[in-house]
1. Roughly how many Å² of Tyr199 are accessible to a 1.4 Å probe, to the nearest 10?
2. Which order do you get for Phe124, Phe157, Phe24 if you rank them by accessible area with a 1.4 Å probe, largest at the top?
3. Report the FRET efficiency, 1/(1 + (r/R0)^6), for Leu169 and Asn110, where r is their Cβ-Cβ distance and R0 is 41 Å, rounded to 0.05.
4. Got the relative contact order for region 60-181 handy, in percent, Cα pairs under 8 Å and 6 or more residues apart?
5. Amide H of Asp112 versus every other amide H placed in the peptide plane: which residues, excluding those fewer than 5 positions away on the same chain, fall under 5 Å?
6. Among Tyr67, Tyr122, Tyr164, what's the order by accessible area (1.4 angstrom probe), most exposed first?
7. Residue-wise, which Karplus ³J(HN,Hα) couplings in Hz belong to region 127-133, taking 6.51 cos²θ - 1.76 cosθ + 1.60, θ = phi - 60°, and x for glycine or proline?
8. Using θ = phi - 60° and the Karplus form 6.51 cos²θ - 1.76 cosθ + 1.60, what ³J(HN,Hα) does each residue of region 102-114 get, whole Hz, x for Gly and Pro?
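The values are calculated or read from the model by the stated rules, or taken from the named source; none is laboratory data. Model, not experiment: these values are computed from the prediction. Every residue, glycine as well, gets a Cβ built from its backbone with ideal geometry; the counts of neighbours run over all protein chains shown. For accessibility, only protein heavy atoms count, side chains too; no ligands or nucleic acids. Shrake-Rupley method; radii C 1.70, N 1.55, O 1.52, S 1.80 Å.
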Amino acid sequence: MNQPMSAKSVANPNSKEDQAVTRFRQSNLNKKLIHELGMIHASAPSIRDREAALHEFMSNEKYSASYYRQVSIIAARRWKLIFRNSMTYARVIIATIFGMIVGSLFSSLNQDTIGALGRSGYIFLSSFLVLMLSAAVTIPDGFRQRITLFKHRNAEFYSGKVAYIVQVLLDLPLSIIEATLISSISYFWVGMAPGANHYFYFLGTLIGLECVGQAFARVLIAFSRTQVSANVASSLLILLFATVGGFMPSFEQITPVLRWLSWITPVSYAFEGMMINQFDGTTFFGLVIIDENGTSNVGTVDGTKYL
């Protein structure tokens, strides 16, 4: 039976194959199969009934799992990925090292005009450093997770919005730890404004910059095809942010044609807020201009006027 039929057997109606088919049609087995198929066809529901039953069986929601179930599953997976990633522990070490380096660089500042300039540089460097580190860490991790996210979303395993919210919330603790290490090691070492209110304002601003850096990196991930192009774009844009951030040159010294760049630079807002937090209401020693002839003398400089 497994042998191919020859042209001669096909042309001959009395071939062995045709005789086998005829004997099967006349057998009791064929009659029994026809009877059973008829009973199945008679008892089967109509097409409309089948569609209604299938619609009742299937969920009306786009995703079979509830939002709470999606959050729990994605959060459990995200926690595992965070603790398995060696970069998680490297970020803590890097933040500690940079906190010690930055703190030691500005540790010998006095309460004078030069010290005020040095503390201004410390504020700007801390802002720029936190933004750069958060973006540099988020880009490679985002590209690793992007392929999996697209596959799961196309298969409608879970909502992309839920996945994004869970990722932002679970990345927040590590951002807080990173910003806390950098600020707690260097802030008091540099001799910044004492008081819990000044320190926590400084810390909160750095945490905000951490979140901005991560969001900035995720935007680049969404618009970039490769990790290399995202890293290049990140470096160029952060360099632009540092140029028009308001430290040097100041906002008033920037050409009016390019001054609008400071409005879209997150570092400029953070830098301005931390400068006010540091110098508003303080005094330090420096050269004071006495008259219009440029006569100066060493005296007390008001921090508000310095701003």
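1. Ignoring ligands and nucleic acids, Tyr199 comes out at about 20 Å².
2. Phe157, Phe24, Phe124
3. Numbers: r = 43 Å, r/R0 = 1.05.
Calculated transfer efficiency: 0.45.
4. 55
5. Long-range HN contacts for Asp112: Phe285.
6. Numbers: Tyr67 140, Tyr122 0, Tyr164 110 Å².
So the residues, ranked largest to smallest area, are Tyr67, Tyr164, Tyr122.
7. Rounded to whole hertz, the list is 5, 5, 5, 5, 4, 5, 5.
8. Each residue's phi maps through the Karplus curve to give 5, x, 5, 5, 10, 7, 10, 7, 9, 8, 9, 5, 4 Hz.
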